[in-house]
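Encoded as structure tokens, the structure appears first; notes follow it.
The values are calculated or read from the model by the stated rules, or taken from the named source; none is laboratory data. Predicted model only: the values in this text are computed from it and were never measured. Cβ atoms come from the backbone with ideal geometry, glycine included; neighbour counts cover every protein chain shown.
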């Protein structure tokens, strides 16, 4: 056995994780407390343990004490390590070894007897300054309610030697002293009237998986705008009588770390599942190395979005707005985009030594927006979808040389449709790794060594009958609204699985380059190659010759005649075509019957559309501004549209090279030029 430890808390496993202490098993990740952010690092202890049956029982009792008597998460669950889906133990650790002294001290603590008593029989606590220093206490006069609800835990901030039960009540009320308050409200008589009071604050929430954002009102400390309830609870402190309290075995400093455990284990589980996928793909698809080495160091997982609340607030008051899809982008924005040189397109990564994507990046690709986490797959899905469309466009364009634009579009749509991606993912069981449910300690998270009886989950799952004429998506949405009732099940739609596939493609594209993304796609079954070709290094394959007739002197002369004057276009773009037939095809409208050498531009238009979409999407994705998925989509739609391209074509006089034999089309082009010259929007392109 080995122990993976987190400060004084360890996870006792029956399988080995990487043993080198220099290796982070997964990315260091944060948990967010009211006191600030804590960074959790998981490494393996360089130790194994041989445990007796009694040792295992003692660890088991300690583990159950944490989740049942400290975190109070046993409701609707049963402690059954042998049948639990996650069977590992939490134990205290000192210098990589199990802290047996602390386990025994916890087992013999007076709290273990007191928690079984009633309000009238519980033993009164004698004040001791050492015991109450850095202590966690609970109110013994509410002990009768502990069986039905989680008790309130209080952290002792200070011992108030200048206050006793006979002191005046600190707020204006009908009670004159603390003694009168407890006797009148709780029918409790205080015996020691000379004992000092303790100043306490309630322990925080167990959900520490996301940053604690302040609203703009709270950020700027606008007391007038804050509700009276919020003002009353800010820095709220409570005075308690030591005699009427039960001391918890864990000191406050340790108790705070124990409260982080559900969040830590939830996040660790997701990262380990992501690492499992990374290793499987590395072994089967040869994308990166499966085994970690001593030089491997995963970067910390920074999942905060510091301006999230402020951005939402500015949208609400109208200071920010969404970009309409058909709006022309001013030239200064276009220039800013063009000024950022893209270097990642040509980066060559040695996949024999590269680790591939980190667990944290994979976790993002496996987390749906419905999970309500601080991150999700949407940004990765956008770049992955664009690359998938780009690669499938190349495949269909080259493989089906006689297909027109309509057939190519239909075929590509079939290859990249959600149903096809879902079926491929199902064969690889990728859906089992997705997270679609929000983390909730008491409602959706099952502690290790605990089980939920099957009939409880099934009853919740079929609680709402499916109505007639209701779509699957509506049923999924209804199920997602009640997912907080489930501990072991998730409702995942086919589209969600398909979106995750696209996000995983984007994940491998960004971390392992184009070659890594292609290998992942081939492993998944969405092959970018023609037939049985698997030469990743030479992808894409050479395109077909645009000349559709038999080669000969006449063809060369005819091509030279039809491309006369195109040298001015080549000079404009700074590129000289080796095969001028491509250029001729790109400028040939279907109405131009004089071109009997090449096809019209429609097939190239099909290919160019996907190339432009990928280039612009990749550029916008890598913008340091880190656009949100919504803004990323809006910017792309604003840049990839016909009006914008028409403006650019007129600016560079590309329309002068078009080969058209349609009077109506000539008339429309001239009309567009007249309207454009009168339009103020054209000034952006001058």
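Looking only at residues that are outside any loop (DSSP other than H, G, I, E, B) and surrounded by 10 or more Cβ atoms within 10 Å (Cβ to Cβ) in region 544-560, which one is nearest to the chain's Cα centre (by Cα)? Explain how you work it out, then say what you get.
Step one: of region 544-560, the residues outside any loop (DSSP other than H, G, I, E, B) are 547, 553-560.
Narrowing further to those that are surrounded by 10 or more Cβ atoms within 10 Å (Cβ to Cβ): 547, 554-560.
Working: 547: 49, 554: 61, 555: 57, 556: 56, 557: 59, 558: 57, 559: 54, 560: 55 Å.
Ranking the candidates gives 547 first.
Scan region 394-402 and tell me whether some residue there is farther than 14 Å from residue 530 by Cα, touching a residue at least 60 places away in the same chain (Cβ under 8 Å) and either more than 21 Å from the chain's Cα centre (by Cα) or assigned to a helix (DSSP H, G or I) (or both).
No: region 394-402 contains no residue that is farther than 14 Å from residue 530 by Cα, touching a residue at least 60 places away in the same chain (Cβ under 8 Å) and either more than 21 Å from the chain's Cα centre (by Cα) or assigned to a helix (DSSP H, G or I) (or both).
Inside region 416-529, counting only helices (runs of 4 or more DSSP H) that do not spill past its ends, which hold 3 or more residues that are at pLDDT 90 or above and more than 18 Å from the chain's Cα centre (by Cα)?
Values: elements: 418-427, 454-461, 472-481, 494-524.
Correct list: 418-427, 494-524.
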Residues that are in contact with a strand residue (DSSP E or B) (Cβ under 6 Å, 6 or more places away or on another chain) and under 15 Å from residue 10 (Cβ atoms): does region 77-86 have at least one?
no
Quick check, is residue 664 farther than 16 Å from residue 386 by Cβ, out of contact with any strand residue (DSSP E or B) (no Cβ under 7 Å at 6 or more places or on another chain) and either at pLDDT 90 or above or not in a helix (DSSP H, G or I) (or both)?
yes
Leading residue by the ranking (nearest to residue 194 (Cα to Cα)) among those in region 89-114 that are part of a loop (DSSP other than H, G, I, E, B) and modelled with pLDDT of 90 or more
110
If you scan region 147-161, which residues turn out to be in contact (Cβ under 8 Å) with a residue 12 or more places away in the chain and in a loop (DSSP other than H, G, I, E, B)?
150, 151, 152, 153, 161
Any idea which of (1) in contact (Cβ under 8 Å) with a residue 12 or more places away in the chain; (2) closer than 20 Å to residue 250 by Cα; (3) surrounded by fewer than 13 Cβ atoms within 10 Å (Cβ to Cβ) is the one residue 128 doesn't satisfy?
(1)
Within region 76-88, which residues are touching a helix residue (DSSP H, G or I) at 6+ places or on another chain (Cβ under 8 Å) and either in a loop (DSSP other than H, G, I, E, B) or surrounded by fewer than 15 Cβ atoms within 10 Å (Cβ to Cβ) (or both)?
76, 81, 86
Which numbered condition trips up residue 144, out of (1) without any contact (Cβ under 8 Å) to a residue 24 or more places away in the chain; (2) assigned to a helix (DSSP H, G or I); (3) not assigned by the TED database to the domain that holds residue 10?
(1)
Of the numbered conditions (1) farther than 30 Å from residue 74 by Cβ; (2) part of a helix (DSSP H, G or I); (3) under 49 Å from the mean Cα position of the chain (by Cα), residue 184 fails exactly one; give the number of that condition.
(3)
